[in-house]
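See structure below.
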Amino acid sequence: MPSAAPPPQGRCTQRLQAIGERIRERRRQLGITAVATAEAAGISRVTLHRIESGSGSVTVGALMNVLDALDLQLHQLENPQASDASPETATIPVVIELAAYPQLRQLAWQLQSTATLSPAEAAGLYARHRRHLNLEAMDQEERQLMEALDQAFRRVHVPA
């Protein structure tokens, strides 16, 4: 029978909590729900909660999957200045208004033009229907949104 993981000692508890807070901040900056993040990382919502609360009982693999899903590097968690978004990095709105993104609006033709989508729904539409997009005609704002969604949800399986 495997032995239990040793509890964090000394400064480790505080470091784990700080790392969890930075992960939660990044997820919220991207406007991604905890459920979508956990799904993208291939872990349970409870495991994500443990990571974000700084629990020492999660595996390194689970932590790395979350980092990959949020496009974070391990060194950025220990050095918060390294995780500051560059100017060209687009943030993902919590709610995506179809009226603001013409090509997304065309992909979601069955919805009213005043409808809104979650980031996960928009990412799925872009991924499933990429062949129907006119990338040359796409404005810069929509292109940045699509690229940010691609990065944030690249591990989510999107059925064809």
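The values are calculated or read from the model by the stated rules, or taken from the named source; none is laboratory data. Computed from a predicted model, the values in this text were never measured in an experiment. So basically every Cβ, Gly included, is an ideal-geometry build from the backbone, and we count neighbours across all protein chains shown.
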Counting only residues that are free of Cβ contacts under 8 Å to residues at least 24 places away in the same chain and either farther than 18 Å from E97 by Cβ or touching a Pro at 6+ places or on another chain (Cβ under 8 Å) (or both), which one in the stretch 108-135 is surrounded by the most Cβ atoms within 10 Å (Cβ to Cβ)? H129
Hits in the stretch 25-43 (condition: assigned to a helix (DSSP H, G or I) and crowded, with 18+ Cβ neighbours inside 10 Å): R26, R27, L30, A36, T37, A38, E39, A40, A41
Scan the stretch 7-24 and tell me whether some residue there is among the polar types (S, T, N, Q), assigned to a loop (DSSP other than H, G, I, E, B) and in contact (Cβ under 8 Å) with a residue 60 or more places away in the chain. no
L67 being under 20 Å from the mean Cα position of the chain (by Cα), modelled with pLDDT of 85 or more and in the same structural domain as S44 (by TED's automatic domain parsing): yes
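Every residue, every condition in (1) among the aromatic types (F, W, Y); (2) closer than 30 Å to Q17 by Cα; (3) modelled with pLDDT of 90 or more, yes or no:
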| site | (1), (2), (3) |
| --- | --- |
| L77 | no, yes, no |
| R105 | no, no, yes |
| A108 | no, no, yes |
| R130 | no, no, no |
| D139 | no, no, yes |
| R143 | no, no, yes |
| F153 | yes, yes, no |
Restricted to the stretch 86-99, and to residues that are surrounded by 14 or more Cβ atoms within 10 Å (Cβ to Cβ) and modelled with pLDDT of 90 or more, which residue is nearest to D71 (Cα to Cα)? I96
